[in-house]
1. Based on a Kirkwood Rh over C-alpha pairs, give the Stokes-Einstein translational diffusion coefficient of the stretch B:4-192 at 10 °C and viscosity 1.306 mPa s in µm²/s.
2. Give me the inter-chain shielding for B:78-91: mean count of other chain Cβ atoms within 10 Å, whole number please.
3. For the protein assembly as shown, with only Lys/Arg (+1) and Asp/Glu (-1) charged at the beta-carbon, what is the dipole magnitude about the Cα centre, in debye rounded to 20?
4. Determine the equivalent ellipsoid of the stretch A:108-195 by diagonalising the alpha-carbon gyration tensor, then write out the semi-axes as square roots of 5 times the eigenvalues, largest first, rounded to whole Å.
5. With each label point set 7 Å from Cα along the Cα-Cβ vector, what nm distance links B:LYS136 and A:ASN40?
6. Take B:PHE177, project a point 7 Å from its Cα along the Cβ direction, then tell me which residues of the stretch B:137-166 have their backbone nitrogen under 16 Å from it.
7. Averaging sequence separations of C-alpha pairs under 8 Å and six or more residues apart, then dividing by the length of chain B, give the relative contact order as a whole percent.
8. Looking at the calculated P(r) for the protein assembly as shown, what percent of the C-alpha pair distances fall above 38 Å?
Amino acid sequence: MKKAILPGFILFLTLTGLAFAQSQGQTNAELMTASYQQINALFTGDWQQYGQLFTDLQQTLLPRLFLLVITVVPVIFFLHYIAIGPMSFDHDGRQIYCYNTFVRIIHWCAALSFSLLVITGLMVIFASFIGKGSLGLFGRNIHLVSAVIFSVSAVFMFLVWVKDMLPAFYDLKWMIIMGGYLSKKVKPVPAGKFNAGQKMWFWLATLGGAVMAVTGYYLYCFPADINIARISILIHNFLGAAMVALFLVHLYMSTIAIKGSLRSMINGYKAEAELKILHSRFKI
Amino acid sequence: MGRMKFLCDVERCIDCSGCVVACKEGNHIPVGVNRRRVITIGSGQPGEKSISVSCMHCSDAPCIAVCPVDCIYQREDGIVLHNKDTCIGCGYCFMACPFGAPQFPTGQVFGARGAMDKCTFCAGGPAETFSAKEMKLYGQNRIAEGKVPLCAGMCATKSLLAGDSDEVADVYRERNFKRGSGANAWGWSKAYTKK
(Lines give C-alpha, C1' and ligand atoms only; values in the text may rest on other atoms or scores of the structure.)
Protein backbone atom coordinates (compact mmCIF):
# COMPACT_ATOMS: atom_id res chain seq x y z
CA MET A 1 0.00 0.00 0.00
CA LYS A 2 2.77 2.41 0.99
CA LYS A 3 4.51 1.71 -2.31
CA ALA A 4 1.49 2.91 -4.24
CA ILE A 5 1.15 6.25 -2.39
CA LEU A 6 4.31 7.94 -3.70
CA PRO A 7 3.82 7.27 -7.44
CA GLY A 8 0.15 8.09 -7.02
CA PHE A 9 1.01 11.40 -5.40
CA ILE A 10 3.50 12.26 -8.15
CA LEU A 11 0.93 11.41 -10.83
CA PHE A 12 -1.64 13.57 -9.06
CA LEU A 13 0.79 16.54 -8.91
CA THR A 14 1.72 16.20 -12.59
CA LEU A 15 -1.91 16.08 -13.72
CA THR A 16 -2.99 19.07 -11.66
CA GLY A 17 0.10 20.96 -12.78
CA LEU A 18 -0.70 20.24 -16.41
CA ALA A 19 -4.30 21.23 -15.99
CA PHE A 20 -3.23 24.43 -14.23
CA ALA A 21 -0.71 25.30 -16.93
CA GLN A 22 -3.28 24.62 -19.65
CA SER A 23 -5.90 26.82 -18.04
CA GLN A 24 -3.32 29.62 -17.62
CA GLY A 25 -2.28 29.27 -21.24
CA GLN A 26 -5.85 29.51 -22.41
CA THR A 27 -6.60 32.68 -20.51
CA ASN A 28 -3.43 34.29 -21.79
CA ALA A 29 -4.20 33.34 -25.36
CA GLU A 30 -7.71 34.66 -24.96
CA LEU A 31 -6.26 37.85 -23.53
CA MET A 32 -3.98 38.24 -26.53
CA THR A 33 -6.76 37.62 -29.02
CA ALA A 34 -9.00 40.04 -27.18
CA SER A 35 -6.33 42.74 -27.18
CA TYR A 36 -5.70 42.37 -30.91
CA GLN A 37 -9.42 42.52 -31.56
CA GLN A 38 -9.58 45.65 -29.44
CA ILE A 39 -6.69 47.20 -31.37
CA ASN A 40 -8.42 46.34 -34.64
CA ALA A 41 -11.68 47.89 -33.45
CA LEU A 42 -9.87 51.11 -32.56
CA PHE A 43 -7.78 50.93 -35.68
CA THR A 44 -10.33 50.54 -38.44
CA GLY A 45 -13.70 50.42 -36.70
CA ASP A 46 -16.33 48.72 -38.83
CA TRP A 47 -14.87 49.94 -42.10
CA GLN A 48 -16.56 47.12 -44.01
CA GLN A 49 -19.97 48.51 -43.13
CA TYR A 50 -19.84 52.00 -44.67
CA GLY A 51 -16.23 52.62 -45.69
CA GLN A 52 -16.22 49.77 -48.17
CA LEU A 53 -19.70 50.68 -49.40
CA PHE A 54 -18.60 54.26 -50.07
CA THR A 55 -15.35 53.14 -51.72
CA ASP A 56 -17.16 50.71 -54.02
CA LEU A 57 -19.92 53.14 -54.99
CA GLN A 58 -17.57 56.10 -55.47
CA GLN A 59 -15.30 53.96 -57.62
CA THR A 60 -17.99 52.69 -59.94
CA LEU A 61 -21.59 53.82 -59.66
CA LEU A 62 -21.62 57.46 -58.58
CA PRO A 63 -19.59 59.17 -61.34
CA ARG A 64 -21.41 57.07 -63.94
CA LEU A 65 -24.78 57.98 -62.45
CA PHE A 66 -24.01 61.69 -62.80
CA LEU A 67 -22.64 61.20 -66.31
CA LEU A 68 -25.87 59.36 -67.17
CA VAL A 69 -28.03 62.14 -65.74
CA ILE A 70 -26.27 64.97 -67.57
CA THR A 71 -26.23 63.14 -70.88
CA VAL A 72 -29.44 61.11 -71.03
CA VAL A 73 -31.80 63.82 -69.73
CA PRO A 74 -30.76 66.40 -72.38
CA VAL A 75 -30.93 63.73 -75.09
CA ILE A 76 -34.49 62.85 -74.05
CA PHE A 77 -35.44 66.53 -74.21
CA PHE A 78 -33.78 66.91 -77.59
CA LEU A 79 -35.84 63.98 -78.90
CA HIS A 80 -38.97 65.45 -77.31
CA TYR A 81 -38.27 68.79 -79.01
CA ILE A 82 -37.89 67.13 -82.40
CA ALA A 83 -40.75 64.63 -82.10
CA ILE A 84 -43.40 66.62 -80.25
CA GLY A 85 -42.07 70.15 -80.18
CA PRO A 86 -42.62 73.01 -77.77
CA MET A 87 -46.01 74.26 -76.66
CA SER A 88 -46.99 77.69 -77.79
CA PHE A 89 -49.74 79.94 -76.50
CA ASP A 90 -51.21 83.30 -77.43
CA HIS A 91 -49.39 85.84 -75.30
CA ASP A 92 -51.23 88.89 -76.65
CA GLY A 93 -54.52 88.20 -74.85
CA ARG A 94 -55.46 88.85 -71.24
CA GLN A 95 -52.57 88.71 -68.81
CA ILE A 96 -52.95 87.49 -65.24
CA TYR A 97 -50.64 88.59 -62.42
CA CYS A 98 -49.30 85.40 -60.80
CA TYR A 99 -46.00 86.18 -59.11
CA ASN A 100 -45.37 89.35 -57.11
CA THR A 101 -41.98 91.05 -56.91
CA PHE A 102 -40.98 89.41 -53.61
CA VAL A 103 -41.66 85.92 -54.94
CA ARG A 104 -39.74 86.64 -58.13
CA ILE A 105 -36.70 87.95 -56.22
CA ILE A 106 -36.68 84.85 -54.00
CA HIS A 107 -37.04 82.60 -57.03
CA TRP A 108 -34.10 84.19 -58.80
CA CYS A 109 -31.89 84.12 -55.68
CA ALA A 110 -32.63 80.41 -55.35
CA ALA A 111 -32.27 79.82 -59.08
CA LEU A 112 -28.92 81.54 -59.37
CA SER A 113 -27.42 79.88 -56.29
CA PHE A 114 -28.85 76.49 -57.27
CA SER A 115 -27.38 76.75 -60.77
CA LEU A 116 -24.01 77.50 -59.20
CA LEU A 117 -24.46 74.53 -56.84
CA VAL A 118 -25.13 72.21 -59.78
CA ILE A 119 -22.20 73.52 -61.80
CA THR A 120 -19.66 73.48 -58.96
CA GLY A 121 -20.95 70.13 -57.68
CA LEU A 122 -20.37 68.60 -61.10
CA MET A 123 -16.98 70.33 -61.15
CA VAL A 124 -15.99 68.42 -58.01
CA ILE A 125 -17.36 65.10 -59.28
CA PHE A 126 -15.64 65.41 -62.67
CA ALA A 127 -12.64 67.31 -61.29
CA SER A 128 -10.15 65.04 -63.03
CA PHE A 129 -11.48 66.17 -66.43
CA ILE A 130 -11.85 69.88 -65.73
CA GLY A 131 -9.45 71.96 -63.71
CA LYS A 132 -7.63 69.96 -61.10
CA GLY A 133 -6.10 71.79 -58.17
CA SER A 134 -6.88 75.47 -57.74
CA LEU A 135 -9.90 75.52 -60.07
CA GLY A 136 -11.43 72.53 -58.30
CA LEU A 137 -10.74 74.14 -54.95
CA PHE A 138 -12.36 77.35 -56.25
CA GLY A 139 -15.38 75.24 -57.26
CA ARG A 140 -15.61 73.80 -53.76
CA ASN A 141 -15.53 77.27 -52.20
CA ILE A 142 -18.22 78.59 -54.56
CA HIS A 143 -20.26 75.46 -53.71
CA LEU A 144 -20.18 76.50 -50.04
CA VAL A 145 -21.11 80.16 -50.65
CA SER A 146 -23.99 79.29 -52.97
CA ALA A 147 -25.16 76.60 -50.52
CA VAL A 148 -25.59 79.26 -47.83
CA ILE A 149 -27.45 81.60 -50.20
CA PHE A 150 -29.66 78.78 -51.45
CA SER A 151 -30.48 77.55 -47.94
CA VAL A 152 -31.74 81.00 -46.94
CA SER A 153 -33.77 81.54 -50.11
CA ALA A 154 -35.14 77.98 -49.95
CA VAL A 155 -36.64 78.73 -46.53
CA PHE A 156 -38.46 81.80 -47.94
CA MET A 157 -39.46 79.86 -51.05
CA PHE A 158 -40.96 77.17 -48.84
CA LEU A 159 -43.00 79.67 -46.82
CA VAL A 160 -44.23 81.56 -49.87
CA TRP A 161 -45.33 78.57 -51.94
CA VAL A 162 -46.11 75.75 -49.51
CA LYS A 163 -49.89 76.43 -49.60
CA ASP A 164 -50.10 76.14 -53.38
CA MET A 165 -47.77 73.14 -53.47
CA LEU A 166 -49.81 70.79 -51.26
CA PRO A 167 -50.65 67.64 -53.24
CA ALA A 168 -54.14 67.34 -54.70
CA PHE A 169 -56.06 64.43 -56.20
CA TYR A 170 -55.85 65.71 -59.77
CA ASP A 171 -52.03 65.54 -59.53
CA LEU A 172 -52.37 61.78 -60.05
CA LYS A 173 -54.23 62.39 -63.29
CA TRP A 174 -51.52 64.84 -64.35
CA MET A 175 -48.89 62.23 -63.76
CA ILE A 176 -50.80 59.56 -65.71
CA ILE A 177 -50.97 61.77 -68.81
CA MET A 178 -47.44 63.06 -68.09
CA GLY A 179 -48.72 66.63 -68.05
CA GLY A 180 -49.83 66.41 -71.65
CA TYR A 181 -46.26 66.82 -72.84
CA LEU A 182 -46.32 63.55 -74.75
CA SER A 183 -49.02 64.54 -77.22
CA LYS A 184 -49.41 67.37 -79.70
CA LYS A 185 -53.11 67.82 -78.88
CA VAL A 186 -53.95 70.93 -76.88
CA LYS A 187 -56.29 69.74 -74.13
CA PRO A 188 -56.84 71.24 -70.65
CA VAL A 189 -54.46 69.61 -68.21
CA PRO A 190 -55.56 69.03 -64.60
CA ALA A 191 -53.42 71.30 -62.43
CA GLY A 192 -53.88 74.06 -59.90
CA LYS A 193 -51.63 77.07 -59.66
CA PHE A 194 -48.78 74.59 -59.89
CA ASN A 195 -48.84 71.25 -61.68
CA ALA A 196 -47.63 67.95 -60.21
CA GLY A 197 -44.24 68.29 -61.86
CA GLN A 198 -43.68 71.69 -60.31
CA LYS A 199 -44.83 70.31 -56.96
CA MET A 200 -42.34 67.44 -57.11
CA TRP A 201 -39.60 69.90 -57.97
CA PHE A 202 -40.67 72.20 -55.12
CA TRP A 203 -40.61 69.45 -52.49
CA LEU A 204 -37.32 68.07 -53.74
CA ALA A 205 -35.74 71.53 -53.75
CA THR A 206 -36.95 72.54 -50.29
CA LEU A 207 -37.07 69.34 -48.20
CA GLY A 208 -34.36 67.70 -50.31
CA GLY A 209 -32.42 70.95 -50.07
CA ALA A 210 -32.63 70.77 -46.27
CA VAL A 211 -31.24 67.23 -46.33
CA MET A 212 -28.49 68.38 -48.69
CA ALA A 213 -27.66 71.26 -46.35
CA VAL A 214 -27.39 68.99 -43.30
CA THR A 215 -25.33 66.30 -45.05
CA GLY A 216 -23.23 69.04 -46.66
CA TYR A 217 -22.46 70.46 -43.24
CA TYR A 218 -21.29 67.02 -42.09
CA LEU A 219 -19.08 66.74 -45.17
CA TYR A 220 -17.68 70.22 -44.79
CA CYS A 221 -16.80 70.21 -41.11
CA PHE A 222 -16.50 66.49 -40.26
CA PRO A 223 -18.02 67.26 -36.83
CA ALA A 224 -19.06 63.71 -35.96
CA ASP A 225 -18.08 60.08 -36.34
CA ILE A 226 -16.49 59.08 -39.64
CA ASN A 227 -19.37 56.72 -40.44
CA ILE A 228 -21.79 59.66 -40.36
CA ALA A 229 -19.60 61.40 -42.94
CA ARG A 230 -19.67 58.23 -45.07
CA ILE A 231 -23.47 58.02 -44.89
CA SER A 232 -23.70 61.76 -45.57
CA ILE A 233 -21.63 61.61 -48.75
CA LEU A 234 -23.80 58.78 -50.10
CA ILE A 235 -27.06 60.63 -49.34
CA HIS A 236 -25.59 63.89 -50.67
CA ASN A 237 -24.53 62.29 -53.94
CA PHE A 238 -27.63 60.20 -54.66
CA LEU A 239 -30.01 63.01 -53.74
CA GLY A 240 -27.76 65.36 -55.70
CA ALA A 241 -28.17 63.23 -58.82
CA ALA A 242 -31.97 63.38 -58.45
CA MET A 243 -31.84 67.15 -57.97
CA VAL A 244 -29.60 67.67 -61.01
CA ALA A 245 -32.05 65.61 -63.07
CA LEU A 246 -35.09 67.62 -61.97
CA PHE A 247 -33.08 70.85 -62.31
CA LEU A 248 -32.49 70.01 -65.98
CA VAL A 249 -36.22 69.22 -66.37
CA HIS A 250 -37.17 72.57 -64.86
CA LEU A 251 -34.66 74.35 -67.09
CA TYR A 252 -36.05 72.72 -70.23
CA MET A 253 -39.69 73.27 -69.32
CA SER A 254 -39.29 76.91 -68.39
CA THR A 255 -37.10 78.03 -71.26
CA ILE A 256 -37.77 75.79 -74.25
CA ALA A 257 -40.72 73.42 -73.85
CA ILE A 258 -43.34 76.10 -73.22
CA LYS A 259 -42.61 79.14 -75.31
CA GLY A 260 -42.69 82.42 -73.40
CA SER A 261 -43.21 80.86 -69.98
CA LEU A 262 -39.96 82.34 -68.77
CA ARG A 263 -41.55 85.81 -69.07
CA SER A 264 -43.94 85.07 -66.18
CA MET A 265 -41.01 84.83 -63.76
CA ILE A 266 -39.56 88.09 -65.10
CA ASN A 267 -42.58 90.41 -65.14
CA GLY A 268 -44.99 88.26 -63.10
CA TYR A 269 -47.72 87.93 -65.74
CA LYS A 270 -48.98 84.71 -67.29
CA ALA A 271 -51.13 84.60 -70.40
CA GLU A 272 -54.73 83.53 -69.75
CA ALA A 273 -54.65 81.24 -72.77
CA GLU A 274 -51.72 79.32 -71.23
CA LEU A 275 -53.34 79.08 -67.79
CA LYS A 276 -56.60 77.70 -69.23
CA ILE A 277 -54.78 74.78 -70.77
CA LEU A 278 -51.87 74.03 -68.47
CA HIS A 279 -53.44 75.07 -65.17
CA SER A 280 -57.11 74.36 -65.81
CA ARG A 281 -58.10 74.06 -62.14
CA PHE A 282 -56.47 77.37 -61.18
CA LYS A 283 -59.18 79.80 -60.08
CA ILE A 284 -58.26 83.16 -61.51
CA MET B 1 12.24 45.97 -56.38
CA GLY B 2 11.00 45.34 -52.86
CA ARG B 3 7.76 46.30 -51.22
CA MET B 4 8.02 48.98 -48.53
CA LYS B 5 6.13 48.29 -45.33
CA PHE B 6 5.66 49.47 -41.77
CA LEU B 7 5.34 46.98 -38.95
CA CYS B 8 4.71 47.93 -35.33
CA ASP B 9 5.72 45.27 -32.81
CA VAL B 10 3.03 45.60 -30.14
CA GLU B 11 5.15 43.57 -27.71
CA ARG B 12 7.75 46.33 -27.74
CA CYS B 13 5.86 49.61 -28.21
CA ILE B 14 5.86 51.54 -24.93
CA ASP B 15 3.62 54.45 -25.98
CA CYS B 16 6.41 57.05 -25.80
CA SER B 17 4.98 58.87 -28.88
CA GLY B 18 8.52 59.61 -30.03
CA CYS B 19 7.58 58.59 -33.57
CA VAL B 20 4.76 61.17 -33.61
CA VAL B 21 7.08 63.95 -32.43
CA ALA B 22 9.93 62.96 -34.77
CA CYS B 23 7.59 62.91 -37.79
CA LYS B 24 5.91 66.17 -36.90
CA GLU B 25 9.14 68.00 -36.16
CA GLY B 26 11.28 66.55 -38.93
CA ASN B 27 8.71 67.05 -41.68
CA HIS B 28 7.32 70.41 -40.49
CA ILE B 29 3.74 69.15 -40.38
CA PRO B 30 1.08 71.90 -40.08
CA VAL B 31 -0.70 72.46 -36.77
CA GLY B 32 -3.65 70.13 -36.25
CA VAL B 33 -2.25 67.40 -38.48
CA ASN B 34 -0.63 64.22 -37.23
CA ARG B 35 0.71 61.89 -39.86
CA ARG B 36 1.36 59.27 -37.20
CA ARG B 37 -0.36 58.57 -33.92
CA VAL B 38 -0.12 56.02 -31.10
CA ILE B 39 -3.16 54.05 -29.97
CA THR B 40 -3.13 52.41 -26.52
CA ILE B 41 -5.63 49.86 -25.27
CA GLY B 42 -6.15 48.75 -21.68
CA SER B 43 -4.07 51.66 -20.42
CA GLY B 44 -2.66 50.96 -16.93
CA GLN B 45 -4.03 47.41 -16.84
CA PRO B 46 -2.24 44.11 -17.25
CA GLY B 47 -1.87 43.33 -20.93
CA GLU B 48 -1.70 46.99 -21.97
CA LYS B 49 -0.87 47.27 -25.66
CA SER B 50 0.20 50.20 -27.80
CA ILE B 51 0.53 50.48 -31.53
CA SER B 52 1.83 53.26 -33.74
CA VAL B 53 -0.43 53.99 -36.73
CA SER B 54 0.02 55.98 -39.91
CA CYS B 55 -0.71 55.46 -43.59
CA MET B 56 -0.42 51.71 -44.21
CA HIS B 57 0.57 52.18 -47.87
CA CYS B 58 -2.05 49.58 -48.86
CA SER B 59 -1.89 47.61 -52.04
CA ASP B 60 -5.20 48.40 -53.80
CA ALA B 61 -5.60 51.49 -51.62
CA PRO B 62 -9.18 52.78 -51.19
CA CYS B 63 -7.98 56.41 -51.27
CA ILE B 64 -6.56 55.95 -54.78
CA ALA B 65 -9.85 54.39 -55.86
CA VAL B 66 -12.08 57.26 -54.70
CA CYS B 67 -9.94 60.36 -55.41
CA PRO B 68 -11.90 62.47 -57.96
CA VAL B 69 -8.76 64.27 -59.20
CA ASP B 70 -6.55 61.15 -59.25
CA CYS B 71 -3.90 62.94 -57.21
CA ILE B 72 -2.98 59.86 -55.11
CA TYR B 73 -0.73 57.26 -56.69
CA GLN B 74 1.38 54.25 -55.73
CA ARG B 75 5.07 53.93 -56.47
CA GLU B 76 6.53 50.66 -57.69
CA ASP B 77 7.88 49.95 -54.22
CA GLY B 78 4.36 50.21 -52.77
CA ILE B 79 4.64 53.69 -51.21
CA VAL B 80 1.41 55.65 -51.63
CA LEU B 81 2.06 59.33 -52.41
CA HIS B 82 -0.15 62.24 -53.38
CA ASN B 83 0.12 65.46 -55.34
CA LYS B 84 -0.82 68.50 -53.25
CA ASP B 85 -0.99 70.75 -56.33
CA THR B 86 -3.94 68.85 -57.79
CA CYS B 87 -5.68 67.94 -54.51
CA ILE B 88 -8.94 69.87 -54.00
CA GLY B 89 -9.46 68.88 -50.38
CA CYS B 90 -12.79 67.11 -50.95
CA GLY B 91 -12.14 64.61 -48.13
CA TYR B 92 -13.15 61.48 -50.10
CA CYS B 93 -9.83 59.78 -49.25
CA PHE B 94 -10.43 60.42 -45.54
CA MET B 95 -13.86 58.78 -45.79
CA ALA B 96 -12.52 55.80 -47.72
CA CYS B 97 -9.46 55.16 -45.53
CA PRO B 98 -9.88 52.46 -42.85
CA PHE B 99 -7.03 53.93 -40.79
CA GLY B 100 -7.85 57.64 -40.74
CA ALA B 101 -4.51 58.39 -42.38
CA PRO B 102 -5.40 61.38 -44.63
CA GLN B 103 -5.49 64.59 -42.62
CA PHE B 104 -6.56 68.10 -43.59
CA PRO B 105 -5.01 71.36 -42.44
CA THR B 106 -7.39 74.31 -42.21
CA GLY B 107 -7.27 76.33 -45.41
CA GLN B 108 -7.54 80.07 -46.02
CA VAL B 109 -11.15 80.53 -47.13
CA PHE B 110 -14.03 80.06 -44.63
CA GLY B 111 -12.07 77.38 -42.78
CA ALA B 112 -12.29 75.18 -45.86
CA ARG B 113 -10.00 72.19 -45.89
CA GLY B 114 -6.68 72.67 -47.63
CA ALA B 115 -4.83 70.02 -49.59
CA MET B 116 -4.67 66.59 -47.94
CA ASP B 117 -1.61 65.66 -45.89
CA LYS B 118 -0.55 62.14 -45.00
CA CYS B 119 2.44 59.94 -44.29
CA THR B 120 4.79 59.78 -47.28
CA PHE B 121 7.02 57.01 -45.84
CA CYS B 122 9.54 59.89 -45.79
CA ALA B 123 9.71 59.54 -49.57
CA GLY B 124 8.79 63.15 -50.42
CA GLY B 125 6.27 63.65 -53.19
CA PRO B 126 5.87 64.23 -56.92
CA ALA B 127 7.89 67.47 -56.71
CA GLU B 128 11.55 67.37 -57.73
CA THR B 129 13.59 65.23 -55.31
CA PHE B 130 15.46 67.25 -52.63
CA SER B 131 13.93 70.51 -53.93
CA ALA B 132 12.74 73.23 -51.53
CA LYS B 133 9.18 72.73 -52.81
CA GLU B 134 9.25 69.04 -51.96
CA MET B 135 10.50 69.79 -48.45
CA LYS B 136 7.83 72.45 -47.91
CA LEU B 137 4.89 70.41 -49.20
CA TYR B 138 5.77 66.83 -48.32
CA GLY B 139 8.69 66.86 -45.87
CA GLN B 140 11.99 65.02 -46.04
CA ASN B 141 12.88 62.51 -48.71
CA ARG B 142 14.88 60.07 -46.59
CA ILE B 143 14.15 57.11 -48.87
CA ALA B 144 16.05 58.85 -51.67
CA GLU B 145 18.92 59.37 -49.21
CA GLY B 146 18.89 55.65 -48.44
CA LYS B 147 17.55 56.02 -44.90
CA VAL B 148 14.51 54.57 -43.14
CA PRO B 149 11.59 56.91 -42.31
CA LEU B 150 12.11 59.25 -39.35
CA CYS B 151 9.61 57.48 -37.08
CA ALA B 152 11.22 54.07 -37.51
CA GLY B 153 14.71 55.52 -37.37
CA MET B 154 14.18 57.14 -33.97
CA CYS B 155 12.07 54.38 -32.35
CA ALA B 156 13.89 53.71 -29.06
CA THR B 157 12.59 50.18 -28.53
CA LYS B 158 12.82 49.38 -32.25
CA SER B 159 9.20 48.32 -32.19
CA LEU B 160 8.42 50.31 -35.31
CA LEU B 161 10.07 48.62 -38.26
CA ALA B 162 10.10 50.09 -41.76
CA GLY B 163 11.64 48.94 -44.99
CA ASP B 164 11.45 46.16 -47.51
CA SER B 165 8.74 43.72 -46.42
CA ASP B 166 11.02 40.67 -46.61
CA GLU B 167 13.65 42.29 -44.38
CA VAL B 168 11.04 43.51 -41.91
CA ALA B 169 9.44 40.08 -41.79
CA ASP B 170 12.83 38.46 -41.14
CA VAL B 171 13.60 40.79 -38.23
CA TYR B 172 10.18 40.21 -36.73
CA ARG B 173 10.29 36.44 -37.19
CA GLU B 174 13.70 36.21 -35.54
CA ARG B 175 12.49 38.30 -32.62
CA ASN B 176 9.42 36.20 -32.08
CA PHE B 177 11.47 33.04 -32.29
CA LYS B 178 13.89 34.25 -29.62
CA ARG B 179 11.49 35.72 -27.12
CA GLY B 180 8.36 33.79 -27.88
CA SER B 181 5.33 35.90 -28.50
CA GLY B 182 2.22 36.73 -26.57
CA ALA B 183 1.55 34.31 -23.71
CA ASN B 184 4.77 32.39 -24.41
CA ALA B 185 6.93 35.47 -24.07
CA TRP B 186 9.62 35.59 -21.43
CA GLY B 187 8.33 37.08 -18.16
CA TRP B 188 4.71 37.08 -19.29
CA SER B 189 3.45 34.84 -16.48
CA LYS B 190 5.45 36.83 -13.90
CA ALA B 191 3.94 40.11 -15.06
CA TYR B 192 0.40 39.27 -15.99
CA THR B 193 -0.77 36.08 -14.28
CA LYS B 194 -3.31 36.83 -11.62
CA LYS B 195 -2.44 35.47 -8.21
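1. After rounding, the answer is 90 µm²/s.
2. Working: counts 0, 0, 0, 0, 0, 2, 1, 3, 8, 5, 14, 4, 9, 6.
Average neighbour count from other chains, rounded to a whole number: 4.
3. Values: 45 positive and 29 negative charges, 205 e Å.
Here the protein assembly as shown has a charge dipole of around 980 debye.
4. Numbers: eigenvalues 265, 72, 15 Å².
Listed largest to smallest, the semi-axes of the stretch A:108-195 are 36, 19, 9 Å.
5. Taking the two extended label points, one gets 4.5 nm.
6. In the stretch B:137-166, the label zone of B:PHE177 (backbone N under 16 Å from the point 7 Å along Cα→Cβ) covers B:166.
7. 26 percent
8. Taking all Cα-Cα pairs of the protein assembly as shown, the fraction more than 38 Å apart is 46 percent.
The values are calculated or read from the model by the stated rules, or taken from the named source; none is laboratory data. Computed from a predicted model, the values in this text were never measured in an experiment. Counting neighbours? That spans all protein chains shown, and the Cβs are built from the backbone with ideal geometry, glycine included. What goes into the accessible areas is simple: the full protein's heavy atoms, side chains included, and nothing from ligands, DNA or RNA. Shrake-Rupley method; radii C 1.70, N 1.55, O 1.52, S 1.80 Å.
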